[in-house]
Amino acid sequence: MTFYQAVQRILSQKRTLFRSAPALHQPNPHRTRRYWLVGGSTLAATLLLLASPTAYNAYVERGVALEDQGKLGEAIAIYETALRFYPRDAFTYYNLGSALEKQGTLDGAIVAYKAAIQHDARYAFAYNNIGFALEQQGKPNDAIAAYQKAVAFNPTYAFIHTNIGDLYSKQQQFSQATAAYRQAIQTNPKHILAYNHLGVALRKQGKLQEAVAVHQYVIRLDPRYIAAYSDLGSIFAMQGKLESAIVAYRKALQLNPKNAAFHYSLGVLLERQGELKTAQAAYQQAIVLDPTTAVYKSALSKLQQLAN
């Protein structure tokens, strides 16, 4: 009999052993700690699980380890078994929701996250993950409401403000998106993703100079942040500043030479500058990296016809 079979046998025979739950884990989104049950017979280990919150925690963390290994079915089975022992453990409900979400069982994940909140009403990460699951289900307004509950309980989570901004951006509500990104930045002045997404939202509103300033600030924070260079290149191209745009895309390509879209965009700029041979080489490289995108082939074909 395996350890887990022993757990199931004890469950069927000892349903009335427990009247209270152990002290709950503190929410830990990174879940870096690992505990393991080692040694002894499977029955002894099972009895230890029944009697000791420490061993119970180790059993749950075994599920976390399996989840991290991508063994989602096994992890889910452990979480569900653990919750039959201690059905008030918000942290294990959260883990169950995480595994179900990774499995693609979004409705089940949402139910598990809500159960975590039922046992810990201020569980901000559970609200955040409900928002993410609802977003994947194509329910943006419900997702925003869940994210807003998360930051209401803990406004210091800059990444949740950014999630809200991203959802507003997807709905073309750029003023609301801008406000959310600024809130993220106020919460964490070094939150680079929020800065860069703010720059994109400003560009979509036609506020090009503000957007340039934001992306340039991102580069000061992190000179290797690729998206800032490509976004700057896009804005400079819109402003007709072709030389600056070319410099920005070349810098992006220095950092990521295998990005076909960057090669294509550089080719477009070079063609507008009249540098046809260099533009042709850029289009060709885009096609080498991504031979399935028709626009790259079309651009090269038109340029070759022009050259002939």
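Here, each number is a calculation from the coordinates, and none is a lab measurement. The model shown is predicted, which means the values in this text are computed figures rather than measured ones. Glycine also receives a Cβ, built like all others from the backbone with ideal geometry; neighbour counts cover every protein chain displayed.
Highest mean packing first, where packing is the average number of other Cβ atoms within 10 Å per residue, the peptides 257-264, 171-178 line up as 257-264, 171-178.
Among 203-213, 82-92, how do they line up from the highest to the lowest mean number of other beta-carbon atoms within 10 Å?
On the way: 203-213: 15.6, 82-92: 20.5.
Ranking, from highest mean packing down: 82-92, 203-213.
Principal axis analysis of the Cα atoms in the stretch 121-211 yields extents of 43, 28, 15 Å, listed in decreasing size. Extension gain for the segment ASP142 to GLN205, taken as residue separation times 0.36 nm less the Cα-Cα distance, is 20.2 nm to one decimal. Give the lysines reachable from LYS71 as a straight Cα distance under 19 Å; neighbours fewer than 8 places away on the same chain don't count. Partners within reach: LYS102.
For the stretch 217-308, what is the convex hull volume of the alpha-carbon atoms per residue, in Å³?
Per residue, the Cα convex hull of the stretch 217-308 comes to 83 Å³.
Step through the table entries LYS204/LYS302; LYS207/LYS297; LYS114/LYS170, compare each Cα-Cα distance with 31 Å, and write down the pairs that go over it. Going by Cα-Cα distance, LYS207/LYS297 fall outside the 31 Å limit.
Taken along the Cα-to-beta-carbon direction at a fixed 7 Å, the label points for GLN172 and ALA65 span 5.2 nm.
For the stretch 121-222, a simple Cβ point-charge model (Lys and Arg +1, Asp and Glu -1, everything else neutral) yields a dipole of about 120 debye relative to the Cα centre.
Each residue of the stretch 43-168 gets 103 Å³ once the volume of the Cα convex hull is shared out per residue. In a fully extended conformation the segment linking ASN188 and THR156 would gain 10.7 nm over its present Cα-Cα distance, using 0.36 nm per residue.
Between GLU243 and VAL295, the simple label model (points 7 Å from Cα in the Cβ direction) yields a spacing of 2.8 nm. Obtain the nm distance between the two label points defined at ARG84 and ALA307 by a simple spin-label model: each point lies 7 Å from its Cα along the Cα-to-C-beta direction. Output for this residue pair reads 7.0 nm.
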